[in-house]
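Q: Take a look at this one; I'll ask things after.
The values are calculated or read from the model by the stated rules, or taken from the named source; none is laboratory data. The model shown is predicted, which means the values in this text are computed figures rather than measured ones. All Cβ positions, even for glycine, are placed from backbone atoms using ideal geometry, and neighbour counts span all protein chains on display.
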Amino acid sequence: MRTFSFKEERDASTGASRILDLALDDKGTIWAACGNFGLVRIDPNSGFTRVAQAPTPVSSILWDKRYGLLVATAGNLYILKGNSLEVVSPASKPVNLRKLFRFNDRIFAASAGGIFSLEGKQFRNLIPDEDQMTTNVFAMLALNEDSIFIGAESGLHLLLKGRLLKFSEADFSISKSVYFIIRSKEGDFWFGTADGLIRWDGGSNVHEYIVQDGLA
């Protein structure tokens, strides 16, 4: 592990910012999504450079060999062209894009207004007709080519061949907000929820961890 120290740059016009996401491109350049501060390029030897700002905070970034650097903001999806951000025209207006995901060659964005998919030059909402709590999406995790776990305000769902279903298997389901989803090398699923952490082995074993168990 390496630690990089950077000189602090103060700019009252940007407001409070933090690093929300990191990406590494094909040349080894490190990029950071820094909210109101914008898109930042990091050089471990010389510090950082603010490359571009968007009308709304930069929330997530993802490098893709087909598109280059994709930049998600609260209001749109962009592609970095030189030192400028070129908007990807959406089929429907994105709402608060939170996080970009790539599963195999497919690119998705979790947002407060649904699940968006980037296919060629089309950026469309896959679940425009769901209720507000279900379209308020925070996390995604691919299970295979046809199914993806979806963490939303309304709980855990499954995107199966384009259809969104409430997930329930072996008496396991989650009906409270799910903010992140990961899978360990042992095969266990971990879900960050509104009031703790849930571990599920994919079968009958479920364990919940709360503040009393040591969570901060």
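Q: Name the single residue that is modelled with the lowest pLDDT among those in segment 39-59 being over 15 Å from Lys99 (Cα atoms) and assigned to a loop (DSSP other than H, G, I, E, B).
A: Ser46
Q: Scan segment 199-216 for residues that are under 17 Å from Gly155 (Cβ atoms) and either modelled with pLDDT under 95 or surrounded by fewer than 14 Cβ atoms within 10 Å (Cβ to Cβ) (or both) and report the count.
A: Selection size over segment 199-216: 2.
Q: Let me ask something else. Look through Ser147, Ser177, Ser184 and report the one residue that is under 15 Å from Ile127 (Cβ atoms), under 20 Å from the mean Cα position of the chain (by Cα) and small (Gly, Ala, Ser).
A: Values: Ser177 fails: under 15 Å from Ile127 (Cβ atoms); Ser184 fails: under 15 Å from Ile127 (Cβ atoms).
Just a single option satisfies the conditions, and that option is Ser147.
Q: Can you find a residue that is closer than 22 Å to Asp105 by Cα and not in a helix (DSSP H, G or I) anywhere in segment 128-136?
A: no
Q: Further question: Where the second residue is surrounded by fewer than 10 Cβ atoms within 10 Å (Cβ to Cβ) and at pLDDT 70 or above and the first is under 17 Å from Ser168 (Cβ atoms) and polar (S, T, N, Q) and lies in segment 202-216, which pairs have Cβ atoms under 8 Å and are six or more apart or on separate chains?
A: Listed by first residue and then by second, the contacts come to Ser204/Asp171.
Q: Within the group Leu158, Leu164, which residue is under 19 Å from Gly202 (Cα atoms) and assigned to a strand (DSSP E or B)?
A: Criteria check complete, one pass: Leu158.
Q: For the subset of segment 60-79 comprising residues that are part of a strand (DSSP E or B) and of a type in the set (Phe, Trp, Tyr), which member is modelled with the lowest pLDDT?
A: Here is the first cut: in segment 60-79, the ones part of a strand (DSSP E or B) are 60-64, 68-73, 77-79.
Restricting the remaining residues to those that are of a type in the set (Phe, Trp, Tyr) gives 63, 78.
Numbers: Trp63: 97, Tyr78: 94.
Selected residue: Tyr78.
Q: Asp188 passes all but one of (1) surrounded by 15 or more Cβ atoms within 10 Å (Cβ to Cβ); (2) modelled with pLDDT of 95 or more; which number fails?
A: Only one criterion is unmet by Asp188, namely (1).
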